[in-house]
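So the structure is just underneath, and the comments pick up after that.
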């Protein structure tokens with residue numbers, strides 16, 4: 001069975017996205033967006049190779065687009081690790097230095 005793990009940074013990203021969404025769009029919209037992000041991450045358990053390799057990141061990591069955010073993740077053995085969840089306008093290379 002494949003395990004889904006969130007890095008500390010990805011957990012903080014989820015929290016920040018939710019807090020911003022509550023402030024900007026209200027609780028109902030924030031809940032809906034947050035649920036969608038989590039469902040997208042959980043899909044990676046069934047299709048871990050579904051994301052594309054991001055050309056600006058070295059070593060290469062995969063990413064999956066969910067609305068205005070990109071879910072960056074790594075697959076190693078039976079583990080999918082969500083590394084970051086970044087808004088599409090953010091500088092990916094700067095936020096994904098490993």
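Readers should treat all values here as calculations from the given coordinates under stated rules, not as data from a laboratory. Note that the structure is predicted; figures quoted are calculated from it, not measured. Methodologically, a virtual Cβ is constructed for each residue, glycine included, from the backbone with ideal geometry; neighbour enumeration extends over all protein chains shown.
Can you give me the relative contact order of the chain as a percent, contacts being Cα pairs under 8 Å and 6 or more apart?
31
Give the Cα extents of the chain along the principal axes, in whole Å, largest first.
Largest to smallest, the principal-axis extents are 38, 32, 21 Å.
Cα axis of helix 27-46 to longest principal axis of the chain: angle in degrees, 0 to 90, nearest 10?
Value to nearest ten degrees: 10.
Would you kindly state how much longer the chain becomes between residue 23 and residue 45 on full extension, computed as 0.36 nm times their sequence separation minus their alpha carbon distance, in nm to one decimal?
Additional length available on full extension: 4.8 nm.
Counting pairs of alpha carbon atoms under 8 Å apart in space and at least six apart in sequence, what relative contact order in percent does the range 51-98 give?
Contact order relative to length: 28 percent.
Could you put 8, 62 in order, starting from the residue whose Cβ has the fewest other Cβ atoms within 10 Å?
In order of increasing Cβ crowding within 10 Å: 8, 62.
Subtract the Cα-Cα distance of residue 88 and residue 9 from 0.36 nm times their separation in residues, and report this length gain in nm to one decimal.
Fully extending the segment from residue 88 to residue 9 adds 26.8 nm.
Normalized C-alpha radius of gyration of the range 5-60, against 2.2 N^0.38 Å?
With N residues counted in the range 5-60, Rg over 2.2 N^0.38 Å equals 1.33.
As I understand it, the value is the acute angle between the Cα axis of helix 8-25 and the longest principal axis of the Cα atoms of the chain; what does it come to in degrees, rounded to 10?
Roughly 30 degrees, rounded to the nearest 10.
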